[in-house]
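Trainee: Pasting in a structure now, in structure tokens, and then I'll have a few things to ask.
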Amino acid sequence: MTKNFKKSIVVLIMLSMLFFVACDSKSTTPTFETGSFDGMVFTNEWANMKFTFPEDSVVASQDEINEIMKQGNSMLYSDDEKMEEALSKAADLKLAYDFLISSPDNTTNYQLFYENLALSVGGTKYTEKEYLDVALEPVLANKELGYEILDEGTKVIADKEFYYYTLSGYGGVVIQNMYCFKLDNRMIVFTTTYTPENEKSVSEVIDNITVAK
């Protein structure tokens, strides 16, 4: 279970690359700000969102996030050239990660990152649902990952109407929620990954997300 759970985290990180690998880039870069932690409370003023996590949560460093991205290449790409292209695109696009945070037993994971839609041709025209559809297509097509969509719809989080997909991975070993909201020329992507028995605690974290100001 632990092995598949770690793989599922990699899948979510790599999804952000998939959207832009198929697109040509341009040079416009919107200005925005990442957030910061005060204990286990995370605040991003630009997104106007505040997250409160359990006190024993573990926050990953940027180096740890980068390592997970490297390990995940072989799961979604069939050749080395495609893998390197994905990493290069991610670097060029300056994918902004606010956090990757896990429970001590590694059975629950939260991620918050941002995609710069202005760096792809026509990217700013995508709705939240269209963005998720494009990102999820290769994952759902990979039968070895065992992913299927359980639910989709909208949910209000911190006074914003996010579009979400709920997925089951590895034959039901893990559940993943992907929430997207477009702000300016960025897509806010908040994800949760957890084993089924942790659904209640994950719901509590999501329900306690508030506006920052």
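The values are calculated or read from the model by the stated rules, or taken from the named source; none is laboratory data. Just so you know, these numbers come straight off a predicted model, no measurement behind them. Ideal geometry is used to build each Cβ from the backbone, glycine not excepted, and the neighbour counts take in all protein chains shown.
Trainee: Which of the numbered conditions does T195 fail, given that it passes all the others? Conditions: (1) over 26 Å from L117 (Cβ atoms); (2) in contact with a strand residue (DSSP E or B) (Cβ under 8 Å, 6 or more places away or on another chain); (3) surrounded by fewer than 19 Cβ atoms within 10 Å (Cβ to Cβ).
Mentor: Going through the list (1) over 26 Å from L117 (Cβ atoms); (2) in contact with a strand residue (DSSP E or B) (Cβ under 8 Å, 6 or more places away or on another chain); (3) surrounded by fewer than 19 Cβ atoms within 10 Å (Cβ to Cβ), T195 breaks only (3).
Trainee: In addition: Quick one: which residue in D159, D133 is closer than 23 Å to G35 by Cα and either surrounded by fewer than 17 Cβ atoms within 10 Å (Cβ to Cβ) or of a type in the set (G, A, S) (or both)?
Mentor: It is D159.
Trainee: For the list (1) at pLDDT 95 or above; (2) under 30 Å from E148 (Cβ atoms); (3) in contact with a Ser or Thr (Cβ under 8 Å, 6 or more places away or on another chain); (4) hydrophobic (A, V, I, L, M, F, W, C), I need the number of the one condition that A96 fails.
Mentor: All conditions pass for A96, except number (1).
Trainee: Given (1) modelled with pLDDT of 50 or more; (2) surrounded by 15 or more Cβ atoms within 10 Å (Cβ to Cβ), identify the lone condition not met by D56.
Mentor: It is condition (2) that D56 fails.
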